[in-house]
Each structure stands twice: as structure tokens, then as C-alpha cells.
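Asker: Just dropping this structure here.
No value in this document is a laboratory result; all are computed from the given coordinates. Note that this is a predicted model, so its numbers are computed, not measured. No Cβ is skipped: glycine too gets one built from the backbone with ideal geometry, and neighbour counts run over all protein chains shown.
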Amino acid sequence: MAGRADPPEGRPAGDDDDEFRSTVFDESFVRAAQLREFSARERLDEQERPVADLPDPRTAERTTPSGQEVSAPSAGGGRRGVSGQFLVLLLVVLIAFGAAIYMGARSPYEDPVHAQSRIPLRTTIVPLVPRGSVPGDEAEELYRRSPAARLEAGPNAVELPVARATNNFSLRQVRLALATARQYVIASALNPDVLAGRTVNPVRRLLSQGQRAQFDRSMRAPAEDGRYGATGWLMRFQPEEAKLADSGIRVRGTFSVAETDSGALEVSAQHVLVYALRPVEGTKQADASLFTARREVRMRFTRGELRTGVGTVAQVTVQAGPLPCAENTHDWLRPLLAGEDVGADASAGTDLYAGDLRRTALCGVLARSSQPKVD
């Protein structure tokens, strides 16, 4: 029976003193060899060396049965494979993220906050008829003898209140809303070029993109329907009838801020504006007269609009005179000038049987206390 150190087949035949008899060359040892002895056939050839160098098994090329050489993977191949998979995964994530942003921007479901920029403007213009003829004199004298003497002149008179943060809007955002509303009041009611009908751009550029189409239509084809009246957006006088006699327009008013919801701020601007006007066809010595308007503008601002310095004009209400009731006020304001009176005002009135009550004719009376005192 074989000893404990002997192989199962028993001790191999040979010299007992063979020092390499117990050495076993396993497969891994053979594959790790750096040299290979030539075979008998190869030794018949004239070889310079009795052995041939073997390539490193970690970088050796394998030969497929078809004879095609295939490189064995290097030690760092696994890391490169993992890096490649990571890059592919990252690319897929970026594509999915970009698609989500694109689909969100193209969503058919409209964001209520963005929808506010498409709120149509609603306007109400109330002409105020004077009692008797309109007083006339030099502009400074008229201002001195009227309640307008207490009002300051020019854009600097449009003062803002102390701003305070709200629940959902910071102090900076409230200040931006107030500043934009102030710019709108100045551009739409105190700009001499706008008042004379020479331009509308100072007003248009302060409007949100969603309202500009309505504004453009109101300027191009004014309508007396409460939506497309030019004088709802801005104050302007019929350039063929009246012009400013004094550039120092008197103004006084207030601003207030409130949240309509968590996504929008609303600024209400209420101002009394007094203009000195003179007839266009008269001489420079023609008497001036005062035209007074009380104007309330409500503007809404989303966070996006605050960043771009524009706003949405939601509602404008104007009470102004002296104006005749019979004249249309949706396109131009046509004031009664010095010495004129309403006469037999042929106002069309309001047809209560009409289906469209937006065309309701509103008219009031301008109190004598609102006009300059006559000596």
C-alpha cells in the first residue's frame, strides 16, 4: 500500500535519489512559464536558442479555432469597462432629464401663474360734464385758483410708499412691482409724446407678452367695448383739437400692494392728474383750460414678470372732465376747452334692451369745486 506521501498509483519507478521525484507541475505553473522548449521537429530547424520566449499571459493573444487572433483583456480593462458603462448611464440620465424639461415646457396644461399674463384688460371711462362753460386763463393762474394748486408737478410727484415684504414675496420683489407700476403711470399719463399721440412704445414695453396683442389691437382699431379702448391703456388727447399748454402736469396719488395668491402681486395705483390744455387751431394767446382725471390702474405681477420688468394691467377706471357725454372716449379724449359748454349734448344713452351691455354709456357731472374759481 502506498505511503501517505506517495501518489495513488504507488511510487514511480526510478532512482530513489531523484531529487525532483516529488515535484508536481500543475496547469497554472505551466501556463505561467516564460520559456518554452522547442519540440523535436522544431529542434531540427536551425534555431539560435534551444528555447523560445513566451508572451506574458496577462497580455497574450489567443488564437481562435478559425485562426483569428483575439487580444486577452489587460489588467485595467475591467476599470475601463466600468467607466464606459458609467458614461452611458450618465448620458441616458441627461437625455431623460432634458426630455422632462422639454415636455414640461410644452405641457398642454397651462400653469395658472403664467396664465395671469394673458388676463385681458377691462376698462371703464366715465366722462364728466361741466356745469356751464369751461373757465379759461393762463395755465399758472388756473392752477393757482383750483384745487390743483396743492399738487406737485412732473414725474417726481409720483411717489412710492415704503415697501414691505409679503407672505410669499420678498422685499426686493415688492419694490420691483412698485417701481414697474410707477413707470407705467408715468409712461401712460405723464409722457408728453404719449399724450399727444406721437408714440405708444413707452407704454407697450412695460406690458407682459400675453397682453401686447390686445394692446396692439386697441391702438390699431379702438373699440368701445371695455376691452379694446385705447384710452384705457393710456391718456391721450385728440391731436387735432387740443395740446398741452404747460408741460408741468400736476399729479398726486397713492400705491398699494396686495397678494392675489401665492403666485402674484397686485399693485393698485390711484392718481389725480391735472392737465393744462389749449386749442390747436387757436393762437398762442388763446386761453388755457384745465382737464382733470382720476385714474385707477390695477397691475398684476408674477415672479417671472418681476424679473423682466413688465406687468399685466388687469383693470383701469378713469373719471375725467370736462368731457361731453356724446363724444366717444375709447379712441381719443376730446375735452371741452376754455369757453365751451356741453350745450345740447346728444348722448346716445344706454339701450337697456341691447344684448351687449358692455357698451353701456356712462356719464357724470363735474362738480364746480373741481374747476378753477371764476372771478
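Asker: Apply the a/c threshold of 1.5 to the C-alpha gyration tensor of the range 230-296 and tell me whether it is rounded, prolate or oblate.
Answerer: prolate
Asker: Still on this structure, I have one more. Please rank 235, 219, 299, fewest neighbouring Cβ atoms within 10 Å first, as an exposure proxy.
Answerer: The most exposed by this proxy come first: 219, 235, 299.
Asker: Would you work out which of 222, 155, 166 lies farthest towards the positive end of the dipole of the range 135-237? Charges go on Cβ: Lys and Arg +1, Asp and Glu -1.
Answerer: Farthest towards the positive pole: 166.
Asker: Is the range 162-272 rounded, prolate or oblate when judged by the Cα gyration tensor, a ≥ b ≥ c being the square roots of its eigenvalues, rounded requiring a/c under 1.5 and prolate requiring a/b larger than b/c?
Answerer: Verdict is oblate for the range 162-272.
Asker: Continuing with the same structure: Quick check on the exposure proxy: order 257, 134 from fewest to most C-beta atoms within 10 angstrom.
Answerer: Ordered from fewest to most neighbouring Cβ atoms within 10 Å, 257, 134 come out as 257, 134.
Asker: Related question: Only counting other Cβ atoms within 10 Å, I'd like 244, 142 sorted with the fewest neighbours first.
Answerer: Going from least to most buried by this count: 244, 142.
Asker: Another one. Starting from the Cα-Cα distance between residue 352 and residue 254, subtract it from 0.36 nm times their residue separation and give me the gain in nm to one decimal.
Answerer: Here the segment from residue 352 to residue 254 would lengthen by 31.7 nm.
Asker: How long is the gain from residue 268 to residue 213 if the chain were fully straight, where each residue apart is worth 0.36 nm and the alpha carbon distance is subtracted?
Answerer: Net length gain for the segment: 17.5 nm.
Asker: Please give the net charge around residue 201, taking every other residue with its beta carbon less than 15 angstrom from that of residue 201, where Lys and Arg add +1 and Asp and Glu add -1.
Answerer: With Lys, Arg at +1 and Asp, Glu at -1, the net is +4.
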